[in-house]
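I have placed the structure first, in the form of structure tokens, so that the comments after it can refer back to it.
Read-outs: derived from the displayed coordinates by stated rules, not from any lab. Everything numeric here is computed off the predicted structure, so don't read it as measured data. Cβ: placed from backbone, ideal geometry, glycine included. Neighbour counts: every protein chain shown.
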Amino acid sequence: MWKLAPSILSADFANLERDIKKIRDAGADYVHVDVMDGHFVPNISIGAPVVKALRRATDMILDVHLMIDRPDKYLDDFIKAGSDIITMHIEAPGYSEEVIDRIHAAGRKAGVSVKPGTPVEALFPILPKLDLALVMSVEPGFGGQSYMPVADDKMRTLRRVIDEKGYACEVEVDGGVGSGNIAYVRSCGADVIVAGSAVYGKGDVDAAVRGLREAAPV
Ligand code: DX5
Ligand code: ZN
């Protein structure tokens with residue numbers, strides 16, 4: 001069964017504990033936490049203090065997506081805050097393979113993401129050590145954008161290479177996924193599907209999660 005990672009970027013920031021309980025009760029797998037710094041992406045969202053508060057509020061897996069410059073500089077804050085999976089961008093200044101090793105040394109899972117304009121082949125050298133490869137299907141920075149088909153072949157390529165080589169890496173897709181395209185995205189090879197507005201945008205979180213599961217039963 002594929003995993004659902006609702007993005008709390010589309011939740012109510014004044015009621016995060018309540019909104020995380022909703023996705024937990026609905027059977028979601030990860031809490032996707034979008035961290036934006038106003039440099040790597042145009043927006044500023046939340047940082048390590050909020051991750052720390054979420055850690056106290058839930059035992060769900062915190063899937064932290066760092067859309068920031070200098071992940072090397074801020075990494076320790078996100079480790080200490082209690083992140084379970086930490087994903088950074090290969091395009092970010094300060095990204096290096098050494099940061100992946102530091103995440104593992106802290107006993108956490110490491111992910112690396114590619115933006116729509118970055119070839120997926122950039123991830124090949126690090127795939128054997130990655131826990132998660134994140135394919136962006138929108139330009140990072142905003143929720144509620146339309147899915148970009150450039151992600152299709154990237155997921156297919158990752159799926160093929162990971163299966164051929166027997167790597168343990170999950171393929172995650174992020175941006176513009178909803179009940180209308182989730183089956184297709186799944187057929188491209190994604191194991192973990194991020195959904196922000198499709199989960200939180202319509203008011204009834206339970207019905208939204210059910211709708212996504214029914215749209216992609218396998
Ligand atoms: C975009 C974020 C996404 C976003 C997804 O920069 O990384 O996680 O919240 O939102 P939707 O599902 O609405 O495209
Ligand atoms: Zn994200």
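A few comments on the model shown:
- Distance between region 78-111 and region 189-218 - C-alpha centres, whole angstrom: 27
- Computed per residue of the chain from DSSP H runs no shorter than four, each worth -39500 (n - 2.57), the mean residue ellipticity at 222 nm is -10000 deg cm²/dmol.
- Per-residue ³J(HN,Hα) for region 128-135, Karplus 6.51 cos²θ - 1.76 cosθ + 1.60, θ = phi - 60°, Hz, x for Gly and Pro: x, 9, 7, 8, 8, 10, 9, 9
- Within region 26-67: backbone nitrogen closer than 18 Å to the Ala215 label point (7 Å, Cα to C-beta): 26-30, 32
- Charged-residue dipole, Cβ positions (Lys, Arg, Asp, Glu), the chain about Cα centre, Debye nearest 20: 340
- Under-5 Å amide H pairs with His89, H placed in peptide plane, nonlocal only: Ile68, Ser113
- Whether region 9-135 is rounded, prolate or oblate, judged on the alpha carbon gyration tensor where a/c under 1.5 counts as rounded: prolate
- Short-range pairs are left out: with C-alpha atoms under 8 Å and at least six residues apart, the relative contact order of the chain is 21 percent.
- Distance from the C-alpha centroid of region 1-39 to that of region 117-161: 20 Å, rounded to the whole angstrom.
- Pairs from Lys3/Lys80; Lys109/Lys129; Lys3/Lys109; Lys3/Lys165; Lys3/Lys202; Lys80/Lys109 whose Cα-Cα separation, in the structure shown, is over 18 Å: Lys3/Lys80; Lys3/Lys165; Lys3/Lys202
- If you run the Gaussian network model on the chain, springs between alpha carbon atoms under 10 Å, then out of Glu97, Glu164, Glu172 the most flexible one is Glu164.
- Net length available on complete extension from Asp153 to Asp25 is 42.8 nm, with 0.36 nm assigned per residue and the Cα-Cα distance removed.
- Gaussian network model of the chain, springs between alpha carbon atoms under 10 Å - residue of Ala168, Ala151, Ala198 with greatest fluctuation: Ala168
- Once divided by 2.2 N^0.38 Å, the Cα radius of gyration of the chain becomes 0.93.
- Relative packing of 29-36, 109-116, 155-162, which averages over residues the other C-beta atoms within 10 Å, highest first: 29-36, 109-116, 155-162
- With θ taken as phi - 60° and the Karplus curve 6.51 cos²θ - 1.76 cosθ + 1.60 applied, the whole-hertz 3J(HN,Hα) list for region 164-175 is 4, 8, x, 6, 8, 6, 8, 9, 10, 10, 9, x Hz, x standing for glycine and proline.
- Counting only the Cα atoms, region 141-218 fills a convex hull of 94 Å³ per residue.
- Couplings 3J(HN,Hα) of region 144-155, computed from phi: x, 8, 7, 4, 9, x, 4, 6, 3, 5, 5, 5 Hz, in residue order, whole Hz [Karplus 6.51 cos²θ - 1.76 cosθ + 1.60, θ = phi - 60°; x for Gly and Pro].
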